[in-house]
Amino acid sequence: MFLLTQATNNRELYERNYGRLFILNMVVAGFLLLVLIWVGVRLASRLRRGKFGSRLLVKLAAIFALVGFMPGVLIYVVSYQFVSRSIESWFDVKVEGALDAGLNLGRATLDTLATELANKTRAAATQLADTPDMSAGLALDRLREQIQATDVILWSGSGQLIASAGQSRYQLNPERPSPQQLKNVRAQRSLSIVEGLDDPGVNPVGNARVKALAVVSQPSLGLIGEPRVLQVTQILPPTLVANAVAVQEANREYQERALGREGLRRMYIGTLTLSLFLAVFGAVLLAVILGNQLAKPLLLLAAGVREVAAGDLSPKPAMQGKDELGGLTRSFAEMTQQLADARAAVDQSMGQVNAARAHLQTILDNLTAGVIVLDEAGNIQSTNPGATRILRTPLAGFQGKPLAEVPGLEAFGAAVQQQFDDYLHERKQHGLDHWQQSFELNAAQPGSPQNAVTLVARGAEMPGEAPGHSARLLVFDDISEIVSAQRAQAWGEVARRLAHEIKNPLTPIQLSAERLEKKLSGKVGEAEQAVLTKSVQTIVDQVDAMKRLVNEFRDYARLPAAELKPVDLNQLVTDVLHLYARESADSTSTSAHVPIRMELDPKCPPILGDLQQLRQVIHNLLQNAQDATEGAAGPVVHVRTQWNPTSRRVRLVVQDTGTGFPEHILKRAFEPYVTTKAKGTGLGLAVVKKIADEHGARIDLKNRVEDGTVLGAQVSLSFAVAA
């Protein structure tokens, strides 16, 4: 590029160093090309690996490269056209004609001067025709002054110096004409020569001259044997010589350039092309470097944004530059740190909320009361295990469905929905915050216990997450045992009072009847005696029956507290059955009416119980089972024990093959004085229930149903094992 600027004033320097510098620039261009190829390979590798930010870096590099490439191409095209046409314009026909004309003009001028000097020399030679050699010197001085010549010399025909005038007078050996010149002058009589213009290494200005030779005529007498030659030298004007030399040099250079203009054009165009390559390669390389510098903070931000979007709020790197992008990365890092702090605070709050929720869920799961959350349409949203236990229905499987559509809970669900509707209507008028109601619930699934469940429920409205939407909270508890205990307590009080009121007059009645029989015996007739004896016996028997009834009332009312000790339930069942039947080889006992079969689990561990009270429980259950089975087809009573390692409970089951219990009896079977037997008091199952409660045992009573047919009744008790 520097040589291009110097080409006009120092063409030789340009031509002398062009080749070496062109090769050097080609090496630099090749190096830049290799660097670009390496950068391109790296970018392609990043793209193939899918490295984040590669597309942005390629895009920025392409934009910068395009910005640098397009102006370079435009300048190159313009410069190419300019150089091509400028070089062509240098060799215009008019310029070449002007140079030729100037050169011809100079030559014509020199020829004119030479011809004029030759004519003067011939005239002078005519004047010297009669001058002898001895007096030729004076004649030559007059001739030199006459024709204004620089030097005048007279030569002999063989080229010997005869006389001279001017500068040659002081030279020992003046330059003599060549033999050829002497020959030509003798042939042509005169000759003119221009010297000093083409001598190499000699400045023509001041040294260029015109030399004219002419033959001096012989005198008529012929005293001189050979012809003489007159030589006249005249110095050319310096201005004329300088112009002639300039025109000649310009013409020579023009012809040289004209012959090498194609090479000159290729040299200029090659230089421009190389300059374009260097400019483009440099622009692309700078584009990659600058693009990387510009993309680095953007990629840093983009990577940070992607990590934040993925949930990674770890500290992000930031640029330390003072420009806006560096400030943006620092702001983003500060924002990320604030988000991390906020999320840590939220996580801590959520942890506290989750802990509170888990605490609340633990409380709900361990509540004995049932909890159900309903929506406005009565659909179940959530429940706790207490609700499933009390209602004896897997409510988790009905989530999202109306409570009134749960099998066995249709009436309960409809009643609850009606209570909520009435509550919401009355709340607007009276400002109520809850409602409370008791329900009588009966299980309706075949084979399930049919005893009634008494519930006390409380309902309230919960604020909803969205305006206009609220949830309904239903809390209920099973008070069947409380009601049963209240009834048992009431019946115990009744039994105590009845025993007290009835037992007191029974003894006087019996004594009076016996005394009456004793006083009247033998004093009446035979017929009257028979009536007396029969009547007194009837009175005594009925009094004894009344005493037994009163004793049962007394025993129910005064049942002692259980003393819990380890008891082998299998051995106790075996001992009790010995009282009902005889031993047999197949472990089957038969009574006079109904056979009893045992299925005892040998894995049963000892239970906690009162031996005497448990013996009374087994007696009552066996007696009731035999009474219910007596008269049925294929009567048999099954007694079975089972060990459940999961719940760690021992179960006692007594089954009969009777007709089962009517539904109205199932609901109140454990209440005193509820019985289906004509002679029963209805205290058997009531005593069993009271003893089971004392032992903390669960008691269930149900009909055994198969394909809709009642196969008998079943009573089961579940006891805790001894530690």
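The values are calculated or read from the model by the stated rules, or taken from the named source; none is laboratory data. Note that this is a predicted model, so its numbers are computed, not measured. Ideal geometry is used to build each Cβ from the backbone, glycine not excepted, and the neighbour counts take in all protein chains shown.
Tabulated data for the structure shown
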read-out: Matching residues, the stretch 97-125, being more than 20 Å from residue 210 (Cβ to Cβ) and out of contact with any helix residue (DSSP H, G or I) (no Cβ under 6 Å at 6 or more places or on another chain); value: 97, 98, 100, 101
read-out: Restricting the stretch 623-672 to residues that are surrounded by fewer than 21 Cβ atoms within 10 Å (Cβ to Cβ) and of a type in the set (Asp, Glu), the residue that is nearest to residue 482 (Cα to Cα); value: 671
read-out: Residue within the stretch 154-172 that is part of a helix (DSSP H, G or I), among the hydrophobic types (A, V, I, L, M, F, W, C), closer than 17 Å to residue 118 by Cβ and in contact with a strand residue (DSSP E or B) (Cβ under 6 Å, 6 or more places away or on another chain) present; value: no
read-out: Pairs, first in contact (Cβ under 8 Å) with a residue 24 or more places away in the chain in the stretch 348-369, second among the charged types (D, E, K, R), C-beta under 7 Å, six or more apart; value: 368/477; 369/477
read-out: Residue selected from the stretch 637-683 under the condition within 12 Å of residue 714 (Cα to Cα) and part of a loop (DSSP other than H, G, I, E, B), by the criterion modelled with the highest pLDDT; value: 656
read-out: Per-region count, the stretch 609-631, residues of a type in the set (Asp, Glu) and under 24 Å from residue 712 (Cβ atoms); value: 2
read-out: Selection count where residues are part of a helix (DSSP H, G or I) and farther than 30 Å from residue 302 by Cβ, scope the stretch 332-373; value: 18
read-out: Flag if residue 314 is more than 30 Å from residue 38 (Cβ to Cβ), small (Gly, Ala, Ser) and not in a helix (DSSP H, G or I); value: yes
read-out: Residues located in the stretch 284-314, provided they are closer than 22 Å to residue 59 by Cβ and touching a Leu at 6+ places or on another chain (Cβ under 7 Å); value: 284, 285, 291, 292, 294, 295, 297, 298, 299, 301
